[in-house]
Amino acid sequence: MSVGSHASVGSETARVRRIWDRQARGYDRRISLFERVLFEGGREWVCSQAGGQALELAVGTGRNLAHYRAEVELTGIELSPAMLEIARRRAEDLGISPDLRVGDAEALPFPNESFDCVVITLALCSIPDDRRAAREACRVLRSDGRLLMLEHVRSPARGVRLVQRLLNPLSVRFEGDHLTRDPLDYLGTEGFEIERVERSKWGIVQRIVARKADRDQPHGAEVEPQ
């Protein structure tokens, strides 16, 4: 895929942007509850493994910024200008200067093999074409680069999964948030080798480390169900 091949923003992407622009002011207050209940330690886990030149997709209000090591050269993109403005203020308060810019994860404005790692936290659930975003992440990673992820996903537990399916249409309509996705369904076909998977909270929460695939040297995944 060439840079800019998805230059025009689709109608669903524009709708999601409006949702996040509208919710930006109250996002930190709302997500903090979910982080305590479901995702505690997840952002720290992901960011502690980032190194070199790192790209964060859907940087949001910058809740990850405090968790990167000082030596990481961070670039962050965010679809919502209102969310990004909060992230920029947060970076200023932290005394750091990451490259934060408005951008679409489905059409990254970077050349091939630009980054050593890509970070995605709680974002593929709300990107309209999550497979395309994963494909773009692979494109901009250097050879053997890593994808570091924290996501809420479709539960393997039948009862929990049923509830997710019932709630999903409303969640997608009003929040732009898909409850029944799982990036493990497609990362392998979008250029990644899964190295590590950790699941918790009835399988709803998933931490993933994947590497840009070397087709000649496949890796197996290490799965830690909880």
The lone exception for LEU124 - which of (1) touching a residue at least 24 places away in the same chain (Cβ under 8 Å); (2) part of a helix (DSSP H, G or I); (3) not β-branched (Val, Ile, Thr) it fails: (2)
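Of all residues in region 70-81, which are surrounded by fewer than 17 Cβ atoms within 10 Å (Cβ to Cβ) and hydrophobic (A, V, I, L, M, F, W, C)? Explain how you work it out, then say what you get.
First, the residues of region 70-81 that are surrounded by fewer than 17 Cβ atoms within 10 Å (Cβ to Cβ): 70-71, 73, 81.
Correct list: ALA70 only.
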Contacts under 7 angstrom Cβ, first residue in region 28-46 being free of Cβ contacts under 8 Å to residues at least 60 places away in the same chain, partner of a type in the set (Phe, Trp, Tyr) and part of a helix (DSSP H, G or I), 6 or more apart: none
Test: residue in region 143-156 that is under 30 Å from GLN53 (Cα atoms) and surrounded by fewer than 17 Cβ atoms within 10 Å (Cβ to Cβ): yes
Condition met for SER171 (crowded, with 16+ Cβ neighbours inside 10 Å, of a type outside the set (Phe, Trp, Tyr), without any contact (Cβ under 8 Å) to a residue 40 or more places away in the chain and outside any strand (DSSP E or B)): yes
Selection from region 50-109 of residues that are hydrophobic (A, V, I, L, M, F, W, C), under 23 Å from GLU151 (Cβ atoms) and free of Cβ contacts under 8 Å to residues at least 40 places away in the same chain: LEU65, ALA66, VAL72, LEU74, ILE77, LEU84, ALA87, VAL102
Considering residues of region 174-196 that are out of contact with any helix residue (DSSP H, G or I) (no Cβ under 7 Å at 6 or more places or on another chain) and not acidic (Asp, Glu) only, the residue surrounded by the fewest Cβ atoms within 10 Å (Cβ to Cβ): PHE174
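We did not get these values from a lab; they are worked out from the coordinates using the rules stated. Predicted model, so just to flag it, every value in this text is computed and none were measured. Heads up, the Cβs are rebuilt from the backbone with ideal geometry, glycines too, and the neighbour counts pull from every protein chain shown.
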